[in-house]
Amino acid sequence: METVVSSAVDQAAALLSAGQVVAIPTETVYGLAANALDEAAVQKVFQLKQRPLSDPLIVHVRDSEALANLGIEVPYWAVQLMEKFWPGPLTLLVPRSERIPSVVTAGLPRVAVRAPAHPLLQALLEKVPFPLAAPSANPFGRTSPTTPAHVYAYFAGQIPFILDGGPCLHGLESTIVGEEEGRFVLYRPGAVPREALEEVLGERLVVRSSSSVPHSPGQFPRHYAPTKPLLYGWETPPDEPSASLVYFTPPAQPPDHPYLHVLSPSGRFEEAAARLYDTILRCQAEPTDFILVQRLPVTGLGEAVHDRLRRAAAQALFLFNHPLEWAALAHLLRRYEIQALLDLRRQTMSRRYPHLAQGPLQKWLAEMGIFYEWQPAMNRILSPLQRLRREYAHIALFCADTEAHKCALQELVARLESEGYTLLRVAPEGRLYLHQVSASLRGEPT
Ligand code: TXA
Ligand code: MG
């Protein structure tokens, strides 16, 4: 199938009317659209995205009047928000009507609706007599597209048409809000900052994930994820030759690094949001093994950018398995901004390395502000890890290579990888390596 990229609204309208799936521009991200009232067309969207049918779609309408035509009754709080923020990047969860096929809402009692502001999409919605069900135009779990080229890279040959509306203004999905038992809930932070909504509602928004899929911390569902591990939350991303580095604002002393990115040269959240997905996709294309992203402040629009990066991030664990002099170890702990250390050694190496014996090690770490825990039983490490992860972003696993104290490293790595963790080996010279189960450990430098 040929994929046409064009700004011809008529052509997009004709294809949609014929039950086809078409990529559409919005002011947030590109969407993969179908006639929301045509169940078979909506099914195609799920198939193309490889999205589970349990994850509902947003219905895009021209304006609030279009909702009345669909038999959707809009509660007063939603009317207030629509008056202020529509057309725009705000999605509201309102009671579903019979006219909305249940495949769109995944059988849930509410439907997500939004009136997009992009002029080309508004023109398209005027041309077709139905609303558009559209998720972001990326394969399930991957980084959202903000340009026609991004969509093309994902879906060329699979969809007939990409409506070219240029790069997206906000670059970040809509904010999703709803009401539950008299409380207003923020299901997804997005392009409309929470503070602006709270001002209209006159109430604080409660935070809750819109995902109905239950999950344990070890299997946190990843979204917006690039194809290589992204590690988010650095104060200063370490200058790793095998990584792409992403700063929020320009560093005072920029490292001499070939793959250095700055989200916002001017230090504004709007700019960082608009460039976020494009930057991640660029990093993905670079010849690097991982992406290290500096932490953003969590206020205003920063909340939504922070949320996406957190979800895109791998569940990384830093693996230390070399006996080191204290100064060298402390240097590495600082470089990788380690906050907690889980000691997996069955015996501690007190004779040759007295500073690595449990007591002294714990004391030194405490002085550095690093939490210490000991768990030498391999079959018991998952629950302490989950607990530590709730509190600490950078966790080190402490192993030993020496024969007498060996951790069953191969087994450990396989077990943690099957739980969804990404292991990064910290080499003694201060470099990060992606640890692969399949790679043999023998013959490695110690
Ligand atoms: O900015 C946006 O909202 C973009 C553009 C294309 O409009 N769309 C978008 O769609 O981000 P998507 O499918 O990638 O994310 C929609 C989110 C999902 O997390 C879904 O679970 C939630 O909205 N959602 C949709 N309908 C829902 C419903 N009826 N109840 C609860 N959550 C719902
Ligand atoms: Mg999406």
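The values are calculated or read from the model by the stated rules, or taken from the named source; none is laboratory data. Please read all numbers here as calculations on a predicted model, not as lab measurements. Cβ sites come from the backbone with ideal geometry, for glycine too, and all protein chains shown count toward neighbours.
Inclusion of Val111 among residues that are buried (at least 20 other Cβ atoms within 10 Å of the Cβ) and either modelled with pLDDT under 95 or within 26 Å of Leu169 (Cβ to Cβ) (or both) is warranted.
Among the helices (runs of 4 or more DSSP H) confined wholly to region 288-385, which include 3 or more residues that are surrounded by fewer than 19 Cβ atoms within 10 Å (Cβ to Cβ) and of a type in the set (A, V, I, L, M, F, W, C)?
Values: elements: 302-312, 326-335, 358-367.
So the answer is 326-335.
Screening the candidates His435, His405 for the property of being more than 12 Å from Leu319 (Cα to Cα), surrounded by 13 or more Cβ atoms within 10 Å (Cβ to Cβ), at pLDDT below 90 and out of contact with any His (no Cβ under 7 Å at 6 or more places or on another chain) yields one hit, His405. Just one of the listed residues (Glu181, Glu198, Glu173) is modelled with pLDDT under 95 and either surrounded by 20 or more Cβ atoms within 10 Å (Cβ to Cβ) or not polar (S, T, N, Q) (or both), namely Glu181.
Limited to region 127-177, what total is found for residues that are in a strand (DSSP E or B) and farther than 18 Å from Leu309 by Cα? Of the residues in region 127-177, 6 are in a strand (DSSP E or B) and farther than 18 Å from Leu309 by Cα. Any residue in region 193-212 that is in contact with a helix residue (DSSP H, G or I) (Cβ under 6 Å, 6 or more places away or on another chain), part of a loop (DSSP other than H, G, I, E, B) and touching a residue at least 40 places away in the same chain (Cβ under 8 Å)? Within region 193-212, not a single residue is in contact with a helix residue (DSSP H, G or I) (Cβ under 6 Å, 6 or more places away or on another chain), part of a loop (DSSP other than H, G, I, E, B) and touching a residue at least 40 places away in the same chain (Cβ under 8 Å).
When you look at Ala13, is it surrounded by fewer than 24 Cβ atoms within 10 Å (Cβ to Cβ) and either at positive phi or without any contact (Cβ under 8 Å) to a residue 24 or more places away in the chain (or both), yes or no? So that I can check it myself, show each step before the final result.
On the way: surrounded by fewer than 24 Cβ atoms within 10 Å (Cβ to Cβ): yes; either at positive phi or without any contact (Cβ under 8 Å) to a residue 24 or more places away in the chain (or both): no.
For Ala13, the condition - surrounded by fewer than 24 Cβ atoms within 10 Å (Cβ to Cβ) and either at positive phi or without any contact (Cβ under 8 Å) to a residue 24 or more places away in the chain (or both) - is not met.
Once region 108-126 is narrowed to residues that are under 24 Å from Arg194 (Cα atoms) and in a loop (DSSP other than H, G, I, E, B), the residue that is nearest to ligand 1 (Cβ to nearest atom) is Pro116.
State which residue is farthest from Asp307 (Cα to Cα) when the search covers only region 178-191 and only residues that are assigned to a loop (DSSP other than H, G, I, E, B) and under 18 Å from the mean Cα position of the chain (by Cα).
Within region 178-191, the match that is farthest from Asp307 (Cα to Cα) is Ala191.
All conditions but one from (1) farther than 19 Å from Thr147 by Cα; (2) part of a helix (DSSP H, G or I); (3) acidic (Asp, Glu) apply to Glu270; the one that does not is (1).
Checking the condition surrounded by 14 or more Cβ atoms within 10 Å (Cβ to Cβ) and either of a type in the set (Ser, Thr, Tyr) or within 15 Å of ligand 1 (Cβ to nearest atom) (or both), which residue from Ser6, Ser54, Ser64 passes? One residue alone meets the criteria, Ser64.
Applying a threshold of 7 Å to beta carbon distances and a minimum spacing of six or more residues, or different chains, the list of pairs starting in region 22-34 at a residue that is over 20 Å from Ile100 (Cβ atoms) and more than 9 Å from ligand 1 (Cβ to nearest atom) and ending at one that is hydroxyl-bearing (Ser, Thr, Tyr) and not in a strand (DSSP E or B) reads Ala23/Tyr30.
If the condition is being within 14 Å of ligand 1 (Cβ to nearest atom), of a type outside the set (Phe, Trp, Tyr) and within 20 Å of Tyr224 (Cα to Cα), then region 178-206 contributes Leu186, Arg188, Pro189, Gly190, Ala191, Val192. Lys228 meets all of the listed conditions (1) in contact with a Cys (Cβ under 9 Å, 6 or more places away or on another chain); (2) crowded, with 21+ Cβ neighbours inside 10 Å but one, namely (2).
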